[in-house]
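Asker: Let me begin by handing over the structure; questions about it come next.
Where a number appears in this text, it was derived from the coordinates with a stated rule and is not lab data. Worth saying up front: this structure is predicted, and the values here are computed from it rather than measured. Every residue, glycine as well, gets a Cβ built from its backbone with ideal geometry; the counts of neighbours run over all protein chains shown.
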């Protein structure tokens, strides 16, 4: 039967397409059903285009400071539309890349919206596809607004990242609601393109999931360059007008009115679990709306698995990719290595970058762990001084007794790249001593990692 | 100038040779072509001949010792040449492969030796893995796990590693008690209970735990299996007083009337299942590189059929009533004899019972039905004169012999299970506890 496969993946985002490739590598006949472009949010309206825009923003700020480096760029002009067009090309290239990978691995791609049916079947239009082994649900997530306070996404004055990524020009002013990774990154981008940015966070500090010191460092950095940062703030009401939106924001016991051209909603995401036939197949969801899965990521309906954002937090592409690989291997009868959910790196690509893995210092305190923090500022790092990226630090939380790396936090240039040394260390249970023993090239930003490890042992050299 | 005498490849497929006999002794003059020793290859006994004139020195392979091809087994020194004392003590110098495990200090010492020895280089006889206990000391463990084990005084060899390739990681140590032997029975203790993020293969909803074999358990498995046959059996026998079980059975059958009958076999199945819930170490399968400890008890019941035997399975026998077991056993036995069993009805047992009581067999040993780790063989019930409360009295007695797979069940583990089974049969009310 032509419409029969071993594995059918519903959703061609990072979790889905990686699962499909791994399944195909293991000799399983595989199909991916995707209603939009392959690569999902990540490739098309998420990770990838924002990285392109962030680099445009970085170049703009670099040129503005270039004089000090002996390079004069007298008038720096920015054009968000051009940067946006470039980011679209990058996304399209990546999406085409995924298409190529599907062909290369002989994965069948079905275009259309799939609806699950009992008996491991998926209906797309009038066609029904049947999976002999497993159906993988990888439908991902989408942005959500806050209709209860008047801030429903209207795509003109109240927008989400979906619209922000397609703006032809940067608005004159913008309030960004939510200072998680998305809010932080757009604040960085639009500020660099000349928008007056107000960043509003409900929790007491921006980047609420990161270590307190990272939040503080970023708040300081943003304020210094002229981004308004209001944390611990409650948006009581939003009133969209024709060209502006008025926000009533309560912070520090006072209510203030903020009028901006655009509001960007960056407060959380909703998972795509509606209208895909979950209930009909006996696939249950949790109180928080995620698909309920067991340790092997199987849903409450045997033969149906969930991977990526729909399977629960953290809603990160790389976590979904790992789940995709793992489930593909399980379905193929392999015994994959367990996913270590406590070892998923978290990265925000604003400037300076923020990257972390493991526990924050507050979490160590809450768990009453006996830990020693080790810190090293990039201001004491030769390479960072040379490039002028002296903002930030490396912080390693060492278990006092055994030297386990309980958590690591990096703020600074290239933090997103530097963090992986600590991810590998933690995955393999290296202690701070093994990290320090590995010879780090000089001069590099990564030396700060070794120095922070040494500092946690009380024998930092370069400070 | 001295010449090394190597174990030569005396046949095309030879990988190692056993020194049968030295024809020349340490200090003997030798000439090119002279037989130095007889060596047993994989095919025959061959001569190892001298490749130089001189004096045989530093014989490093004893007669009977097996040595890898390419190893130096002696040295031929020029007459009168001063040769260092045979480094007998240093004979099993580690091969380059295991050099990784040397500490920095060790390697420095080794280097020092080399520097002081004038001629020749120290003789290195490579011990074969088969004869070297060193194999068992190679434990894959993360640096963190090593530190934790050292601190807690846990021998890493005794810890089952759950990391990639059996690597011992942090959580393997968290699940083991910090003192004593981590793999000591019951294995239930080794099952993680406090681990927060456990890998899913163990929590995939399957009704069992797969506990990887520890180094020591692997060795036991390998050795016992090759010494006693494919499955290394041992047997434990006990005599059970069946007086109260008989009374209970009579009372139950009276109450059941024409709704069926409870047999002694049903009682034994039920009691066995119950005892297994108390001794999960015996409710297990041997699975090559791991032991599967089942969470459910499925009793295989040996049934003689026309040209052989088959063991239909009473599933979850510990949870079923005696009347249900009676009905099911009767029905399964009947269909077994009529060859009407489905494969699902005679597979998946976690432990078996074989009963030859009806054939007037006092006692016998049953053969384990792999991959199960145990089976009990039930003999006939006979009246015997026994001493009860100081009085000689006639009691119905029955002998039970348990066959254990030593790779899974150790003597004390089997004995403890058998003791519980005996207690349950001698006091059937205990099954209600």
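Asker: Share of antiparallel DSSP beta bridges in region A:159-311, in percent to the nearest 5?
Answerer: 55
Asker: Quick one: B:358, B:431, A:184, fewest Cβ neighbours within 10 Å first, how do they rank?
Answerer: B:358, B:431, A:184
Asker: Need one number: nm distance between label points at residue A:380 and residue A:367, each 7 Å from Cα along Cα→Cβ, rounded to one decimal.
Answerer: Each label point lies 7 Å from its Cα, and together they span 2.7 nm.
Asker: Still on this structure, I have one more. Mind checking the full-extension length gain between residue A:441 and residue A:169? Use 0.36 nm per residue of separation minus the Cα-Cα distance, one decimal, nm.
Answerer: Extra length from residue A:441 to residue A:169 when fully extended: 93.7 nm.
Asker: I've got another one for you. Is any residue of region B:243-261 close enough, with backbone N under 11 Å, to a label point placed 7 angstrom from the Cα of residue B:393 along the Cα-Cβ axis, and if so, which?
Answerer: Only B:243-244 pass the distance filter.
Asker: So what is the calculated 222 nm ellipticity per residue for the protein assembly as shown, using -39500 (n - 2.57) for each DSSP H run with n of 4 or more, over all residues, to the nearest 500 deg cm²/dmol?
Answerer: About -8500 deg cm²/dmol.
Asker: Defining a contact as two alpha carbons under 8 Å apart and six or more residues distant in sequence, what relative contact order in percent does region B:222-432 show?
Answerer: 30
Asker: Moving on. Please report B:321, A:29 as a ranked list, fewest other C-beta atoms within 10 angstrom at the top and most at the bottom.
Answerer: Ranking B:321, A:29 by Cβ neighbours within 10 Å, fewest first, gives B:321, A:29.
Asker: Only bridges whose two residues both fall in the protein assembly as shown count here: according to DSSP, what percent of them are antiparallel, nearest 5?
Answerer: Roughly 75 percent of the beta bridges in the protein assembly as shown run antiparallel, per DSSP.
Asker: Expressed as a rounded percentage, what relative contact order does region A:286-325 have, with Cα pairs under 8 Å and six or more residues apart?
Answerer: Relative contact order of region A:286-325: 31 percent.
Asker: For B:144-153, what's the mean count of beta carbons from other chains sitting within 10 Å of each residue's beta carbon?
Answerer: 3
Asker: Report the gain in length on full extension from residue B:337 to residue B:324: 0.36 nm times residue separation, minus Cα-Cα distance, nm rounded to one decimal.
Answerer: Between residue B:337 and residue B:324, full extension yields 2.7 nm more.
Asker: Mind checking B:331-342 for the average number of partner chain beta-carbons within 10 Å of each residue's beta-carbon?
Answerer: 0
Asker: From Cα pairs below 8 angstrom and at least 6 apart in sequence, can you work out the relative contact order of chain A, rounded to a whole percent?
Answerer: Contact order relative to length: 15 percent.
Asker: Calculate the length of the line joining the C-alpha centroid of region B:352-410 to that of region A:104-159, in whole Å.
Answerer: For region B:352-410 versus region A:104-159, the Cα centre distance is 62 Å.
Asker: Can you tell me what share of the DSSP beta bridges in region B:310-433 is antiparallel? A percent to the nearest 5 is fine.
Answerer: So the antiparallel bridges in region B:310-433 amount to around 75 percent.
Asker: Could you work out how far apart the two model spin labels at residue A:202 and residue A:288 are, taking each label as a point 7 Å from the Cα in the direction of the beta carbon, and quote it in nm?
Answerer: Going from the residue A:202 label point to the residue A:288 one covers 1.4 nm.
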